[in-house]
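Visitor: After the structure tokens below, expect a handful of questions from me.
Derivation of every value follows stated rules applied to the coordinates shown; laboratory data play no part. Since the model is a prediction, treat every value here as computed from it, not as a measurement. Cβ atoms come from the backbone with ideal geometry, glycine included; neighbour counts cover every protein chain shown.
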Amino acid sequence: MSQLALPFPLRERMNFAGFVSAGNEELVARLRHAHFGFSALWLHGTAFSGKTHLLQASCSDALHVSSRSGASGRVLYLPAKDIRAEDALPGLFERADIALLCVDDCDAWLGDPDSEALIMSVYQHVLESEGQLLLSAALPALDTRFALPDLASRLRAAQAFHVTPPAEQFWAQLLKRRAAGRGFELDDRVLDFWLARGPRSFEALMQQLDAIDAATLHEQRKVTVPFLKRQLGIV
Amino acid sequence: MDSKNKRWRRREHDDNDSSSKELAGHGAGGSTARPPLRTDNPGASTQPLSETGALRHQLNREPSQEQRSGSISDTSADAAAGISAVRRHAMNTAPANEYGDSLDLSDAACIELLWQQVVGTLAEELGSADLTTYLQSGQPVPDGDNLLLLVPNRYVLDWFAGGGLELVQRTIDRILGRSLACVALVEVGGDQASPDNAPAQSPARPLRHGRDERADQDRSAKLNPDFTFDSFVEGKSNEMARAAAFRVAESAGRGYNPLLLYGGVGLGKTHLMHAVGNALRARNPEAKIVYLHSQRFVQDMVRALRTGTMAEFTAYFRSVDALLIDDIQFFANKLRSQEEFFHVFNALIERDKQMVLTCDRYPREIEGLEERLKSRFVWGLTTEVERPDLETRAAILINKAASHGVTLDTDVAFYIAERIRTNVRELEGALTRVMANASFSGSKITVEQVQRALRDLFVTHERHVTIDGIQRSVAEFFNLKVSDLLSPKRNRALARPRQIAMALSKELTKHSLPEIGDAFGGRDHTTVMHACRKVVQLREELPELDDAYCKLKASLTA
């Protein structure tokens with residue numbers, strides 16, 4: 001009998017210590033640097049380039065700082081792909097100061113005038129709170145379609161950073177860490193085999209990791225070379 | 001349902017079903033998706049709400065036998081009315097703690113301290129996503145012997161309902177070392193309405209956010225002290241607007257009333273508006289100068305309607321000495337807000353109180369705005385803020401850098417200004433990026449450093465050849481205004497550049513002939529065809545025109 005896998009991915013702890021910053025040193029320094037007054041940052045990059053990690057790490061840092069200093073203002077992380085703007089945002093701009101608002105995959109909310117009007121309100125609120133706005137999207141703000149020119153000009157004026165996906169020499173380390181975060185192991189032999197024959201993009205490897213994760217849970221099997229071959233159809 | 005509970009209700013979205021459907025929230029984003037903490041009470045989270053439905057979850061301080069055994073049960077107290085569940089938790093008695101018996105639930109400071117400890121304790125247990133998205137969204141407020149936990153939306157409510165509340169309760173018990181004689185009430189809508197028994201002046205976040213208390217008394221947003229007339233860089237594009245704003249600041253209420261500044265986004269309208277406000281305040285610190293974005297006006301009005309405080313709302317706005325409202329185009333299609341604003345407008349004008357408004361276009365062009373408002377908005381002085389020319393853009397950059405203590409070389413300023421022509425906001429955004437990069441790399445700001453820092457931005461900008469951009473480049477090249485290119489005038493000094501701009505639009509963009517005609521003041525597509533043919537012919541006959549065309553094309557596509 002096979003294990004029924006519920007569609008709840010395991011959460012991984014995401015902090016700056018666990019982020020491979022090669023290629024993104026300036027961005028990481030900017031995110032970790034204490035900042036006073038309002039600022040807006042727009043992070044863009046491909047899937048699995050590390051945007052979510054950076055947003056969540058920023059939240060972690062901000063929470064840590066506020067708990068130590070007793071500073072006011074809320075720290076919020078909103079995954080726009082999972083929550084509708086009209087559910088997530090209305091409560092925010094009517095309330096307390098926001099120290100840091102992270103909106104992951106914010107492009108999911110853009111293009112719709114009603115959602116953008118809400119984002120505009122929240123933008124104004126963060127501005128008045130002198131907080132930080134951290135947005136992630138697939139494309140630069142200039143390439144993103146907006147419904148409201150007012151919001152477009154504001155977000156296009158945000159400091160834009162391209163998030164560079166991890167370089168090839170870090171893939172093994174990252175895959176191992178991601179697998180461990182999901183509760184299974186990838187030994188060096190399996191990794192060498194996989195990386196030698198697998199796809200040449202980190203995004204594709206991460207998608208395969210998802211598939212392996214589901215398969216190993218479903219079949220209650222350790223990840224071995226034969227298992228990997230079968231799952232990925234490598235002959 | 002009693003009147004108190006009615007007041008706690010929050011109007012839910014009409015499409016509750018879809019909202020409920022999405023509550024599972026398992027996006028395809030792999031690591032980005034986050035599961036609900038627990039889903040042992042699916043009924044509470046997926047139960048469709050009535051139109052006026054509210055969700056109310058309660059930890060009762062008089063647990064039943066069943067609950068004393070530690071289980072959680074839901075009682076649908078009034079499902080039809082939308083009350084979803086009453087939750088009861090066992091209260092354990094345990095040793096005393098640092099609070100001893102002195103925890104005073106009416107003391108906001110105590111509640112705040114306790115909540116910080118709860119968050120700190122659970123920070124380890126929860127992932128940062130849950131912590132920031134859900135737990136931190138909770139706002140504990142004292143309510144007599146009760147502890148109210150306000151949450152902003154159904155997502156957060158469902159997270160608490162799915163186990164978060166139990167976790168919080170356990171943590172509180174652990175921190176206090178004894179059972180807390182309190183009722184935790186989790187409510188959708190939070191501070192949108194005050195409960196009857198809440199402390200009279202208790203905002204949703206009493207300690208952390210003293211600003212909210214202030215906001216209740218003063219609906220105004222803060223004037224930005226950096227936005228003054230001195231820090232405003234004047235050029236041909238904005239000299240009229242600056243002069244008008246300056247005049248208004250000198251003789252508020254007596255001269256141009258209202259002053260309406262309109263123009264594209266990010267060109268300095270808000271800066272001038274704040275400059276007026278700052279100047280008025282400098283002259284009379286006691287004056288009630290209210291600045292706010294039009295959306296805030298709408299939000300405050302909606303809140304006033306909901307809480308039955310419209311009289312206070314209107315009295316507040318009618319009592320100001322100067323009212324500065326940004327982006328009035330957001331009033332479009334909001335009829336009730338327009339109605340209220342209309343009365344506020346009349347009251348202030350009658351009493352010679354100054355109003356300054358900004359808009360992204362000429363008010364008569366706003367669809368969904370009542371005629372009576374459109375006509376009133378242009379009663380006083382209406383002036384356009386245009387896109388700055390190259391020299392003004394460079395001066396803005398130098399000025400902005402100087403305000404940060406950075407000396408920007410003229411060649412660097414021109415290098416950036418030549419490449420970013422959209423608006424001042426984006427220009428300043430680019431400068432911020434350059435300064436941050438220079439600070440990070442410890443390098444001097446040079447053209448090479450700018451190229452490195454703004455590489456991605458320039459590439460994106462250069463890919464974006466738009467009709468708008470072409471019109472600006474051509475106008476700048478021939479020392480004209482964009483409005484000249486769009487005007488019906490047909491004298492040769494305007495017609496030639498217009499034809500060149502049309503030909504470039506045809507060559508460099510994917511717009512159709514009718515679209516190009518529309519973008520040039522609503523001209524016919526045959527006019528565009530004629531322009532394209534004429535430019536081909538003239539380029540063969542007039543080398544200087546061919547040269548101009550090539551230079552423009554090169555600069556647009558470089």
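Visitor: Tally Lys/Arg at +1 and Asp/Glu at -1 over every other residue whose Cβ is under 14 Å from the Cβ of B:THR270; what's the total?
Guide: Values: positive: A:ARG154, B:LYS222, B:ARG242, B:LYS269, B:ARG296, B:ARG425; negative: A:GLU128, A:ASP150, B:ASP226, B:ASP326, B:ASP327, B:ASP360, B:GLU428.
Summing Lys and Arg as +1 and Asp and Glu as -1 gives -1.
Visitor: Continuing with this model, one more query. What is the calculated FRET efficiency for B:LYS444 to A:ARG32, with r their C-beta to C-beta distance and R₀ = 35 Å, to the nearest 0.05?
Guide: Values: r = 24 Å, r/R0 = 0.68.
Once the sixth-power term is evaluated, E becomes 0.90.
Visitor: Can you give me the angle between helix A:188-197 and the longest principal axis of chain A, using Cα atoms only, in degrees from 0 to 90, rounded to the nearest 10?
Guide: Taking Cα atoms only, the helix is inclined about 80 degrees.
Visitor: Here is a follow-up. Show me B:421-430, B:357-366 ranked by packing, highest mean number of other Cβ atoms within 10 Å first.
Guide: Details: B:421-430: 22.7, B:357-366: 19.0.
Descending packing order for the listed peptides: B:421-430, B:357-366.
Visitor: Follow-up question, since we're still on this one. Under the definition of partner shielding as Cβ atoms of other protein chains within 10 Å of a residue Cβ, what is the mean value for peptide A:148-154? Write down the numbers at each step before the final one.
Guide: Details: counts 5, 7, 9, 1, 5, 11, 5.
Average per residue, whole number: 6.
Visitor: Of B:LYS334/B:LYS374; A:LYS51/B:LYS269; B:LYS269/B:LYS400, which pairs sit farther than 22 Å apart, going by alpha carbon to alpha carbon? Can you show the working numbers first?
Guide: Working: B:LYS334/B:LYS374 14 Å; A:LYS51/B:LYS269 34 Å; B:LYS269/B:LYS400 16 Å.
Going by Cα-Cα distance, A:LYS51/B:LYS269 fall outside the 22 Å limit.
Visitor: Is the shape of region B:375-478 rounded, prolate or oblate, going by the alpha carbon gyration tensor and its root eigenvalues a ≥ b ≥ c, with a/c under 1.5 for rounded and a/b larger than b/c for prolate? Don't jump to the answer; show the numbers that get you there.
Guide: On the way: a/c = 2.33, a/b = 1.58, b/c = 1.48.
Taking the square roots of the gyration eigenvalues as a ≥ b ≥ c, region B:375-478 is prolate.
Visitor: Shifting gears a bit: Between 0 and 90 degrees, rounded to the nearest ten: what's the tilt of helix A:113-129 against the longest Cα principal axis of chain A?
Guide: Rounded to the nearest ten degrees, it is 70.
Visitor: Once you put a point 7 Å from the Cα of B:TRP379 and another 7 Å from the Cα of A:ARG221, both along the Cβ direction, what distance in nm separates them?
Guide: 7.9 nm
Visitor: Now for a different question. For peptide B:423-430, what's the mean number of Cβ atoms from other chains within 10 Å of each residue's Cβ?
Guide: Across B:423-430, the average partner-chain Cβ count within 10 Å equals 5.
Visitor: Taking only the alpha-carbon positions of region B:423-523 and ignoring solvent, what does the Debye formula give for the base-10 log of I(q)/I(0) at q = 0.14, 0.20 Å⁻¹?
Guide: -0.66, -0.94
Visitor: Can I ask one more? Under 18 Å from a point 7 Å along the Cα-to-Cβ line of B:ASP230: which residues of region B:262-286 have their amide N that close?
Guide: B:271-285
Visitor: While we're here: Can you give the Rg to Rh ratio of region B:264-405, both from alpha-carbon atoms, with Rh computed by the Kirkwood formula?
Guide: Numbers: Rg = 16.7 Å, Rh = 16.5 Å.
Using only Cα positions, Rg/Rh for region B:264-405 is 1.01.
Visitor: Which number do you get for Rg(Cα) / (2.2 N^0.38 Å) in chain A?
Guide: Numbers: Rg = 19.7 Å, N = 235, 2.2 N^0.38 = 17.5 Å.
Here the answer is 1.13, to two decimals.
Visitor: How do B:438-447, B:411-420 rank on mean C-beta neighbours within 10 Å, highest first?
Guide: On the way: B:438-447: 14.1, B:411-420: 19.4.
Ranking the peptides B:438-447, B:411-420 by packing returns B:411-420, B:438-447.
Visitor: Which part of region B:417-451 falls in the paramagnetic zone of B:ASP411, meaning amide N under 17 Å from the point 7 Å along Cα-to-beta-carbon?
Guide: Label zone hits: B:417-419, B:444-451.
Visitor: Among A:ALA196, A:ALA47, A:ALA158, which one shows the highest mean-square fluctuation when chain A is modelled as a Gaussian network with alpha-carbon springs under 10 Å?
Guide: Most flexible of the set in this elastic network: A:ALA196.
Visitor: Over the residues of region B:254-305, compute the C-alpha Rg and express it relative to 2.2 N^0.38 Å. Before the final figure, lay out the partial values.
Guide: Working: Rg = 13.4 Å, N = 52, 2.2 N^0.38 = 9.9 Å.
The value comes to 1.36.
Visitor: Sorted from largest down, give the three principal axis spans of the alpha carbons of region A:120-235, whole angstrom values.
Guide: Extents along the principal axes: 56, 25, 24 Å.
Visitor: Continuing with this model, one more query. Can you give the log10 of the normalised intensity I(q)/I(0) at q = 0.23 Å⁻¹, computed with Debye over equal Cα scatterers of region B:320-403?
Guide: -1.09
Visitor: Each residue of region B:228-239 in turn: what ³J(HN,Hα) in whole Hz from Karplus with 6.51, -1.76, 1.60 and θ = phi - 60°, glycine and Pro shown as x?
Guide: 10, 5, 5, 8, 8, 8, 8, x, 4, 6, 10, 5
Visitor: Moving on to the next point. What is the distance, in nm, between label points placed 7 Å from the Cα along the Cα-to-Cβ direction at B:ASN333 and at B:THR466?
Guide: That separation, rounded to one decimal, is 2.1 nm.
Visitor: Pop a pseudo-label 7 angstrom from the Cα along the beta-carbon direction at both A:ASP210 and B:ASN346 and give the gap in nm to one decimal.
Guide: According to this spin-label approximation, the distance is 5.8 nm.
Visitor: With a cut-off of 16 Å, note down the residues of region B:524-558 whose backbone N falls inside the zone around a label point 7 Å from the Cα of B:ARG490 toward its beta carbon.
Guide: Label zone hits: B:524-532, B:534.
Visitor: Over the whole of B:262-270, what's the average partner chain Cβ count within 10 Å per residue? Rounded to a whole number, please.
Guide: Details: counts 0, 0, 2, 9, 7, 1, 0, 0, 0.
Per residue, the average neighbour count from other chains is 2.
Visitor: Return the ratio Rg/(2.2 N^0.38 Å) for region A:185-235, where Rg is computed over Cα atoms only.
Guide: Details: Rg = 10.1 Å, N = 51, 2.2 N^0.38 = 9.8 Å.
The value comes to 1.03.
Visitor: Please compute the Kirkwood hydrodynamic radius over region B:290-346, one decimal place, Å, based on all pairs of different Cα atoms. List each step's numbers first, then the result.
Guide: Details: mean 1/r = 0.0881 Å⁻¹.
11.4 Å is the Kirkwood radius here.
Visitor: Determine the calculated [θ] at 222 nm for chain A from helices alone, applying -39500 (n - 2.57) to every DSSP H run no shorter than 4 residues and normalising by the residue count; nearest 500 deg cm²/dmol. Display every interim value, and only then the final one.
Guide: Values: 10 runs with 107 residues, N = 235.
Per the formula, -13500 deg cm²/dmol.
Visitor: So, one more: So what are the ³J(HN,Hα) numbers for region B:535-545, from phi and the Karplus equation (6.51, -1.76, 1.60; θ = phi - 60°), rounded to whole Hz, Gly and Pro as x?
Guide: 5, 4, 5, 5, 5, 6, 8, 10, x, 5, 6
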